[in-house]
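Reviewing the structure listed below.
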């Protein structure tokens with residue numbers, strides 16, 4: 001029990017990032033056991049395997065003024081180990097809020113904005129047809 005807080009264990013599929021005195025250290029810790037100085041060094045795990053983020057409740061308006069609500073949009077993504085330091089330095093460990101959750105709201109709204117609803121079904125703008133079909 002005396003060693004509690006002196007060591008961290010990083011599981012496979014994750015890497016570790018450390019801060020000392022509030023400064024992010026450039027060294028990225030690989031899976032396994034690592035020693036740290038409690039109260040001086042802060043630690044977070046960052047997932048580097050494929051993950052699925054679900055964005056819920058996205059309201060969008062079409063060009064004709066019709067509101068469409070997307071209950072859930074799932075985004076499959078993976079942060080490369082080589083990009084962990086730059087990503088955390090620029091966006092914090094909550095980078096997915098900026099790059100996935102906030103971005104999906106914007107992208108879905110951009111896509112739906114140009115939709116025109118008619119009796120034959122939705123008419124998607126040409127630039128969005130390929131995104132939707134894939």
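The values are calculated or read from the model by the stated rules, or taken from the named source; none is laboratory data. Computed from a predicted structure; not experimentally measured. Here the Cβ is made from the backbone with ideal geometry for all residues, glycine too, and neighbour counts use every protein chain on show.
Among the conditions (1) surrounded by 12 or more Cβ atoms within 10 Å (Cβ to Cβ); (2) not assigned by TED's automatic domain parsing to the domain that holds residue 11, the only one that residue 28 does not satisfy is (2). Inspection of region 126-134 identifies no residue that is at pLDDT 85 or above, surrounded by 11 or more Cβ atoms within 10 Å (Cβ to Cβ), touching a helix residue (DSSP H, G or I) at 6+ places or on another chain (Cβ under 9 Å) and not assigned by TED's automatic domain parsing to the domain that holds residue 30. Of everything in region 44-66 that's within 26 Å of the chain's Cα centre (by Cα) and loosely packed, with under 14 Cβ neighbours inside 10 Å, which residue is nearest to residue 9 (Cα to Cα)? Once the filter is applied, the top-ranked residue is 49.
Residue by residue, here is whether (1) over 14 Å from the mean Cα position of the chain (by Cα); (2) surrounded by 11 or more Cβ atoms within 10 Å (Cβ to Cβ) holds:
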{"site": "16", "(1), (2)": "yes, yes"}
{"site": "40", "(1), (2)": "yes, no"}
{"site": "81", "(1), (2)": "yes, yes"}
{"site": "91", "(1), (2)": "no, yes"}
{"site": "98", "(1), (2)": "no, yes"}
{"site": "101", "(1), (2)": "no, yes"}
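Okay, residues lined up against (1) in contact (Cβ under 8 Å) with a residue 24 or more places away in the chain; (2) farther than 30 Å from residue 111 by Cβ:
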site	(1), (2)
27	no, yes
69	no, no
73	yes, no
82	no, yes
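Reported count of residues in region 23-73, each being in contact with a helix residue (DSSP H, G or I) (Cβ under 7 Å, 6 or more places away or on another chain), in a strand (DSSP E or B) and closer than 17 Å to residue 95 by Cα, is 4.
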